[in-house]
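The values are calculated or read from the model by the stated rules, or taken from the named source; none is laboratory data. The shown structure was predicted, so the numbers you read here are calculated from the model rather than taken from an experiment. Note that we place each Cβ from the backbone using ideal geometry, even for glycine, and neighbour counts take in every protein chain shown.
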Amino acid sequence: MVKPSGIAQLGRIDLTTETPISLKDAARHPLLKRDGRAVHISAIYRWIGQGIDGVKLETFRRPSGVATTREAIERFIRRLSGAPEAQAPSARRQQIASANRQLEEAGI
């Protein structure tokens, strides 16, 4: 089996909040289906290693092999479609707190 070069991209995947799935299950994910049929597993490996237009599917390694998450698939599709990235709730809270501080300092 070819080892995907995109492995260990754990930077965006948060295993405490995301739902891990095998690559086999990822091929059956509703967002990735073509004409109602699952994509071939080789497409999943291609999206991990080469990506599409510079966008790669995020993965992580676990004892049973390489895996991804449902949320990583959603981010992959969002990036391909040009949709804005959703922010993590903690990052959004920090932005709001910073904006509130600036407003208070400005006397607003």
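Show the residue pairs that are 6+ apart or on different chains and have beta-carbon atoms under 8 Å apart, the first residue being within the stretch 2-30 and at pLDDT below 85, the second being surrounded by 13 or more Cβ atoms within 10 Å (Cβ to Cβ) and polar (S, T, N, Q).
4/59; 6/59; 7/59; 8/59; 9/59
Just the residues that are crowded, with 16+ Cβ neighbours inside 10 Å, among the small types (Gly, Ala, Ser) and more than 14 Å from the chain's Cα centre (by Cα), please, taken from the stretch 23-48.
27, 38, 43
Inside the stretch 78-92, can you point out the residues that are at pLDDT 80 or above and charged (D, E, K, R)?
If the condition is that a residue be at pLDDT 80 or above and charged (D, E, K, R), then 78, 79 are the ones that fit.
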